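**Student:** Take a look at this one; I'll ask things after.
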Amino acid sequence: MSLAGYIGCNIAIPLSDPDSNDLIVIGNCFSSKYERQNVKKYQFTTPYVYEVSSDWGIEISKSTNTSTSIESKKKLIRLCEIMDNYLEKGDFFEHYTCWIGEEREERSSDLTLKLNKFDINQIEMPEKTLVRFEK
């Protein structure tokens, strides 16, 4: 099974170059159209949904091993940098990580953060947490 990350936003954003070496690639990796439709319907409030391809989802929690947590923090910071270029003041994007096939399941928690104004070492983002990043 694969841990997939998704973002939802109110604007269409371009897909990344699939050959990109960036830490975060916006485009399909693990999920199918079916999983993206389910995460849109059951988790997000936004019309546009994308998979965030990073070879593994973003999961930050006390139960996550140290190396995965450090890598997830780097990925989250990079994702926020990318999205900051697309969002206008007052806009937001949503992020959700779950195992492929669990997009319809009830989420564990919700969290709202100010984009680029949070302490990465103080947040918990376990799988099935919907995070809203507001600009």
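The values are calculated or read from the model by the stated rules, or taken from the named source; none is laboratory data. In this text the structure is predicted, and so the values were computed from the model without any measurement. Neighbour counts are summed over all protein chains in view; Cβ atoms, including those assigned to glycine, are modelled from backbone coordinates with ideal geometry. Keep in mind that these areas ignore ligands, DNA and RNA; they rest on the heavy atoms of the full protein, side chains included. Shrake-Rupley method; radii C 1.70, N 1.55, O 1.52, S 1.80 Å.
**Student:** When residues of the stretch 69-95 are filtered for being out of contact with any Cys (no Cβ under 9 Å at 6 or more places or on another chain) and open to solvent by 40 Å² or more (accessible area, probe 1.4 Å), how many remain?
**Tutor:** Qualifying residue count, the stretch 69-95: 12.
**Student:** Read through the list (1) buried (at least 16 other Cβ atoms within 10 Å of the Cβ); (2) at pLDDT below 95; (3) closer than 22 Å to Arg104 by Cβ, then give the number of the only condition that Ser2 fails.
**Tutor:** It is condition (1) that Ser2 fails.
**Student:** Would you mind telling me which numbered condition in (1) open to solvent by 80 Å² or more (accessible area, probe 1.4 Å); (2) not in a helix (DSSP H, G or I) Lys41 fails?
**Tutor:** (2)
**Student:** Could you please give the count of residues in the stretch 47-64 that are over 14 Å from Val25 (Cα atoms) and open to solvent by 90 Å² or more (accessible area, probe 1.4 Å)?
**Tutor:** So the answer is 3.
**Student:** Given the conditions (1) touching a Phe, Trp or Tyr at 6+ places or on another chain (Cβ under 8 Å); (2) part of a loop (DSSP other than H, G, I, E, B); (3) within 21 Å of Ser108 (Cβ to Cβ); (4) not basic (Lys, Arg), report the number of the one that Leu15 does not fulfil.
**Tutor:** Result: Leu15 passes all but (3).
**Student:** Taking the stretch 119-135 as the search range and keeping residues that are part of a loop (DSSP other than H, G, I, E, B) and surrounded by fewer than 17 Cβ atoms within 10 Å (Cβ to Cβ), which one is nearest to the chain's Cα centre (by Cα)?
**Tutor:** Filtering the stretch 119-135 for residues that are part of a loop (DSSP other than H, G, I, E, B) and surrounded by fewer than 17 Cβ atoms within 10 Å (Cβ to Cβ), the one nearest to the chain's Cα centre (by Cα) comes out as Pro126.
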